[in-house]
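Peer 1: The structure's right below; bear with me while I get my questions together.
The values are calculated or read from the model by the stated rules, or taken from the named source; none is laboratory data. Note that this is a predicted model, so its numbers are computed, not measured. Here the Cβ positions follow ideal geometry from the backbone for every residue, glycine too, while neighbour counts run over all protein chains shown.
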Amino acid sequence: MPRNFSTWYFLMIVNAIICFGLTDNCTASEQPQTPSKHLPDRDAAIRRGLDRMNEVLATKDLDSIMTAYDASDDIAVIGSDSGEVFIGRERVRRFMGMIVAMPFLFSFGIDDPVISCEGSIAWVFVDGNMVHTRPDGKVTKVPYRITAVMVKRGIDWKWKMFSGSIPRGE
């Protein structure tokens, strides 16, 4: 991994673009030269991939959670806390195991995602919330931003890279 994290992040995105190509349309009706065009069917399919993360997190079942991610080994989760950089399927799995072991249900408020897509790769930005729901029903919400790269596998969109941050004043 390069010494500079932003260089590594850039290289990861470039690698994803090269590996997965930009020749497959997101939907049969999409024209490749108009990736920013709003396409309700495509956006709804990507949105289902986003929502799937909350669904599998609610199960607290690690095997189910890992089905929301791409099956390859080059997935990544970058959390908002120091040290939360998990690259590779096994490291992501261990981190998600820590998440499900917490004494609350972990989820994300992803009400209004910004979605862009080119071929079989989607970029998503969410300015939402990290949500902790305790067994007694108490809910804690923390402002949380998510940037994600998703890849199309068959008709499903899978998480390839997750990067989360807690916005704070500078």
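Peer 1: Got a sec? Which of 97, 128 is in contact with a Leu (Cβ under 6 Å, 6 or more places away or on another chain), modelled with pLDDT of 95 or more and small (Gly, Ala, Ser)?
Peer 2: 97
Peer 1: Which ranges mark the strands (runs of 3 or more DSSP E) fully within the stretch 71-170 that have 3 or more residues being touching a residue at least 60 places away in the same chain (Cβ under 8 Å) and either of a type in the set (Phe, Trp, Tyr) or touching a strand residue (DSSP E or B) at 6+ places or on another chain (Cβ under 8 Å) (or both)?
Peer 2: Correct list: 76-78, 114-118, 121-133, 139-153, 156-165.
Peer 1: Answer yes or no: is there a residue in the stretch 162-170 that is surrounded by 18 or more Cβ atoms within 10 Å (Cβ to Cβ), touching a helix residue (DSSP H, G or I) at 6+ places or on another chain (Cβ under 7 Å) and aromatic (Phe, Trp, Tyr).
Peer 2: No, every residue in the stretch 162-170 fails to be surrounded by 18 or more Cβ atoms within 10 Å (Cβ to Cβ), touching a helix residue (DSSP H, G or I) at 6+ places or on another chain (Cβ under 7 Å) and aromatic (Phe, Trp, Tyr).
Peer 1: I'd like the full set of residues that are modelled with pLDDT of 90 or more, surrounded by fewer than 18 Cβ atoms within 10 Å (Cβ to Cβ) and either outside any helix (DSSP H, G or I) or touching a helix residue (DSSP H, G or I) at 6+ places or on another chain (Cβ under 6 Å) (or both), limited to the stretch 34-65.
Peer 2: 60, 61, 62, 64 - these are the residues of the stretch 34-65 that are modelled with pLDDT of 90 or more, surrounded by fewer than 18 Cβ atoms within 10 Å (Cβ to Cβ) and either outside any helix (DSSP H, G or I) or touching a helix residue (DSSP H, G or I) at 6+ places or on another chain (Cβ under 6 Å) (or both).
Peer 1: Just to be sure I understand, how many residues within the stretch 125-170 are farther than 13 Å from residue 108 by Cα and over 14 Å from the mean Cα position of the chain (by Cα)?
Peer 2: Residues in the stretch 125-170 being farther than 13 Å from residue 108 by Cα and over 14 Å from the mean Cα position of the chain (by Cα): 12 in total.
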